[in-house]
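A short worksheet on the structure shown next.
Values in this text are rule-based calculations from the coordinates and carry no lab data. Since this is a predicted model, take the numbers as computed values, not measurements.
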Amino acid sequence: MSHRLEFHIRSLQPSDSIAELTALIRSAYAPHAEKGLRFVGTYQDDDITTQRLAAGHGIVSVCEQRLVGTVVVRPPQPTSSAALYRDTWSIGQLAVLPAWKGRGLGRALQDAAVDFARRHGATAVGLDTAAPATALISLYERWGYRVVGTADWRPHTNYDSVLMLRRL
């Protein structure tokens, strides 16, 4: 009989390790770096992780007291250079450890983030990803997101991004 590892999703706690979270994010985004895509998650350090968490609400997935996935849900950002984010809740930094991919964890984290935004009055949720990351775009489309625009986050990234929106 095989042992099936279970995960649970909860809000980030002050006792959670920022270093462990940063390592998780960098590990999750490493395949993008190997393809030449410079997502922030490919190079971020603990300070960037802390800044990104401070911009919203951190949600993590935990298995046997180990962080295995994360997402940040952010309220509207009135000063964002992307018009979409000025009046729309958004998710970012969605990351799942490579060994955990393909188990529905990314979808569960996204669902938890959307539920959080909905409980706080959101009627839609946005996100962005690299335009060349067609597999991610297809995944988000299956989750109900639609491409609604583009953004250029250079020099933080090295690609054009697509902005995506999911109506709730």
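Across 10 Å bins from 0, what is the distribution of all Cα-Cα pair distances for the chain, in whole percents?
Over the chain, the share of Cα pairs per 10 Å bin runs 10, 40, 39, 9, 1, 0 percent.
Pairs of alpha-carbon atoms within less than 8 angstrom and 6+ residues apart define the contacts here; what relative contact order does segment 37-117 have, in percent?
26 percent
Hey, got the Cα dimensions of segment 1-59 along the principal axes, in Å, largest first?
For segment 1-59, the Cα spread along each principal axis is 41, 30, 17 Å.
If the chain between Arg10 and Asp115 were fully stretched, how many nm would it gain, using 0.36 nm times the residue separation less the Cα-Cα distance?
Full extension of this stretch gives 36.6 nm more.
With just the Cα atoms of segment 32-117, tell me how far they stretch along each of the three principal axes, in Å, largest first.
37, 32, 22
Any chance you could run the full-extension gain for Ala83 through Thr134? It's 0.36 nm times the residue separation minus the Cα-Cα distance, nm to one decimal.
That pair, Ala83 and Thr134, stretches by 16.1 nm at full extension.
Evaluate the Kirkwood expression for the hydrodynamic radius of segment 70-162, namely the inverse of the mean inverse distance over all pairs of different C-alpha atoms, and round to one decimal in Å.
By the Kirkwood definition, the hydrodynamic radius is 13.9 Å.
Helix-only estimate, please: 222 nm mean residue ellipticity of the chain, summing -39500 (n - 2.57) across DSSP H runs of length 4 or more and dividing by its residues, to the nearest 500.
-9500 deg cm²/dmol
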